[in-house]
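Asker: Handing you a structure now.
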Amino acid sequence: MITRVTGKNQITVPAEVAAREGIVPGTRFDWQFTEQEHVIMVRVIPAPGALAASLRGRGRQFRRRGSDPVANLHKEREREERERRGTAS
């Protein structure tokens, strides 16, 4: 796909690329030079909300039936604090 740079150094992202990579207004890009002459690598930086949404629910497979992850975290933090103070029980 070939695009053209405007007078303001702007480039139009082809619709196919935008759809495939989830590029919407406000999407950021990381531009990197490569060792090859005239070759630049462009990496799409996902929006923080999109990244969070893609990770939502990923840990469910590790959750035990009937467990309370928040309560377990509180217990773990309390235990770590006791160990740090030297009052482990």
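Laboratory data are not the source of any read-out in this text; all were calculated from the coordinates shown. Keep in mind the model is a prediction, meaning the values are calculated, not measured. In this analysis, Cβ positions are derived from the backbone assuming ideal geometry, glycine residues included, and neighbour counts consider all displayed protein chains.
Asker: Which label marks the calculated value of Rg and Dmax of the Cα atoms in Å, given the options (1) 17.5, 59; (2) 18.1, 54; (3) 23.4, 70?
Answerer: (3)
Asker: What full-extension length gain, to one decimal in nm, is calculated for THR12 and GLU80 as 0.36 nm per residue of separation minus the Cα-Cα distance?
Answerer: Net length gain for the segment: 19.2 nm.
Asker: Now for a separate question. Quick one: what do you get for the range 12-59 if you divide its Cα Rg by 2.2 N^0.38 Å?
Answerer: Ratio of Rg to 2.2 N^0.38 Å for the range 12-59: 1.42.
Asker: Taking GluC sites (Glu not before Pro) that fall in a DSSP loop and have at most 11 other Cβ atoms within 10 Å as cut points, what is the longest piece of the chain between them?
Answerer: Longest gap between qualifying sites, sites excluded: 38-89.
Asker: So, one more: What does the charge dipole of the chain about its Cα centre add up to, to the nearest 20 debye, if the Cβ of each Lys and Arg holds +1 and the Cβ of each Asp and Glu holds -1?
Answerer: My answer is approximately 580 debye.
Asker: Could you tell me how many degrees, from 0 to 90 and to the nearest 10, lie between the Cα long axis of helix 69-85 and the main elongation axis, the longest principal axis, of the Cα atoms of the chain?
Answerer: 70 degrees
Asker: Now a separate question. As a check on your grasp of the helix formula, calculate [θ] at 222 nm for the chain: sum -39500 (n - 2.57) over DSSP H runs of n ≥ 4, divide by the residue count, round to the nearest 500.
Answerer: The per-residue figure over the chain is -11000 deg cm²/dmol.
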